[in-house]
Amino acid sequence: LCANDERLPYFLKIMGYHMGDGTMYVTKNKAMVWFYGQPEELELIRKDIFKLGYTPSRVYTRERKHKITTSYDTYEFTRKEYSIKVTSRSFLGLLLALGVPMGKKVCQPYIIPDWVFGLRKWQKRLFLAGLFAAELSSPKALYNYNFHPPCLSMNKEKSLIDNGIYFLQQISQLLEEFGVRIQKIGRRVECKSKNGDIHYRLRLTISSDVDNMINFYSVLGFEYNLRKKNAANTVLQYLKLKKRIIEERSNAEKTA
């Protein structure tokens, strides 16, 4: 693949999303590449996979029981899980060669591959928007007509905290190219795994400054995730109106 290959934009969106809400592994008989999400976003991913010359499965649905022990309490719940899969060794091999990790991401080191940093900005944007569709928090209102700052979280074993922080620093570096500032990169103890290992939650928080949020939702936004995309567009229009009202009031006070 070269940077001008017409298939690369689809791979960038797919690999970004898969780093957030996907897993892949090889069994004795076949390769398995799974994507998780809501049915409407999985259908969009299916269309892009078809464009790459591969045949994804239909959208699967199943009920899953979960049990999570955090530093606060143990939670048990049941939820519907939607997924699609691609059973192609060459598709898995391509994603692996591009830098997508195989197996449990919480238990292994991985980074954004160097070649991504050499791409054009619109190509970097596709990778980030795919990742944000899976992992970035949805736009959500806060009291007093403000909004929670967008946050991207990931879990890592204790021994891999430095690797996880470096991954988030790479994202911060890419965001800087688009003029988007982050507020901080934090960490906290999240939960215990089934074998008793402590997992840490690492979180990158984007600055909630009005101009920064307008820039972020205008330039980057989300791919595949229609719910987040629609919410971001609504927030964007509100923030633009809020900024205009503030500027008009400021100008009126100066004139007075």
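Key figures for this structure:
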quantity	calculated
Filtered residues of region 207-256 (kept if closer than 13 Å to F147 by Cβ, open to solvent by 20 Å² or more (accessible area, probe 1.4 Å) and touching a Leu at 6+ places or on another chain (Cβ under 8 Å))	V210, I214
Condition broken by K104, with the remaining ones in (1) within 17 Å of the chain's Cα centre (by Cα); (2) crowded, with 19+ Cβ neighbours inside 10 Å satisfied	(2)
Extreme residue, nearest to V116 (Cα to Cα), among residues of region 166-178 that are open to solvent by less than 50 Å² (accessible area, probe 1.4 Å) and either at pLDDT below 95 or among the aromatic types (F, W, Y) (or both)	F167
Cross-chain or 6+ apart pairs with Cβ under 6 Å, region 225-240 first and at pLDDT 90 or above, then of a type outside the set (D, E, K, R) and assigned to a helix (DSSP H, G or I)	N225/A133; A232/Y217; L236/Y217; L239/V210; L239/M213; L239/I214
Filter result (open to solvent by 10 Å² or more (accessible area, probe 1.4 Å) and among the acidic types (D, E)) within region 7-42	D21, E40
Test: residue in region 184-194 that is buried (at least 17 other Cβ atoms within 10 Å of the Cβ), outside any helix (DSSP H, G or I) and in contact with a His (Cβ under 9 Å, 6 or more places away or on another chain)	yes
Breaking point among (1) closer than 24 Å to N163 by Cα; (2) open to solvent by less than 50 Å² (accessible area, probe 1.4 Å), for I45	(1)
Enumeration of residues in region 114-124 that are within 18 Å of the chain's Cα centre (by Cα) and open to solvent by 20 Å² or more (accessible area, probe 1.4 Å)	F117, K121, W122
Single residue of N155, N163, N146 found to be exposed (fewer than 14 other Cβ atoms within 10 Å of the Cβ) and among the polar types (S, T, N, Q)	N146
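The values are calculated or read from the model by the stated rules, or taken from the named source; none is laboratory data. Nothing here was measured: the structure is a model prediction, and the numbers come from that model. Cβ sites come from the backbone with ideal geometry, for glycine too, and all protein chains shown count toward neighbours. Remember, those area values only see protein heavy atoms, side chains included, never the ligands or the DNA or RNA. Shrake-Rupley method; radii C 1.70, N 1.55, O 1.52, S 1.80 Å.
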